Amino acid sequence: MYKMAVTVDGEYVNGKQYDILTQVYYPEDGCSYVSRKANKNVRPGTDPLTWQKVSEKGEKGNTGEKGDKGDKGDKGDTGEVTLSQLQSVQEQVNLKQNILVSGSNIKTVNGISLLGDGNIIAGDPNAIKYTEQELSSSQQGIARANINAASNDAVAFLGDVIETV
């Protein structure tokens, strides 16, 4: 009675000499092979007289259970900012518009904000003049109501400038 042993040699390397009964893994097809005879430069799966397939790549298995949380990583390096970069950011911040607040940086008449486009020159509520564009009847009614709510002074609305006339 004879005993034979297979030598496991890991992943196949082209150009390496393999003895008889050497087992290799061939990653291109995911299979394992045992050499039937000594060889060199004979890729597994290309010559069944030289390599005998002993296992095939299996199907993808199920996803395993979630592992434990890893250790906290090292603290990263501190970033550096130049003075000119800080000045550039400050210049950009200075160009931004403030938050609009009724009565502070939005013009109001008797606490009512007048937003929209076009100019309204108001005097006598019955003699409203329109400039640059016609107002719809609902806009005219709102303008008259705002003027009636204002003081006895006539008020001219010219863009975003409010002047007492």
Approximate spin-label separation residue 95-residue 3, in nm, with each point projected 7 Å along Cα-to-Cβ | 8.5 nm
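Where does each of 35, 55, 84 land when they are ranked from fewest to most other beta-carbon atoms within 10 angstrom? All intermediate terms of the calculation are to be shown ahead of the outcome.
On the way: 35 21, 55 12, 84 8.
With the fewest neighbours first, 35, 55, 84 line up as 84, 55, 35.
Excluding residue 49 itself, calculate the net charge of residues whose Cβ lies under 13 Å from the Cβ of residue 49, where each Lys or Arg counts +1 and each Asp or Glu counts -1.
Details: positive: 36, 37, 53; negative: 47.
Residues near residue 49 contribute +2 overall.
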So which lysines can residue 37 reach, going by Cα to Cα under 21 Å and dropping same-chain residues fewer than 8 places off?
-> 3, 16, 53
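Quick note: the coordinates plus some simple rules give every number you see, no bench work behind them. All figures in this text were calculated on a predicted structure; none of them were measured in a lab. Cβ sites come from the backbone with ideal geometry, for glycine too, and all protein chains shown count toward neighbours.
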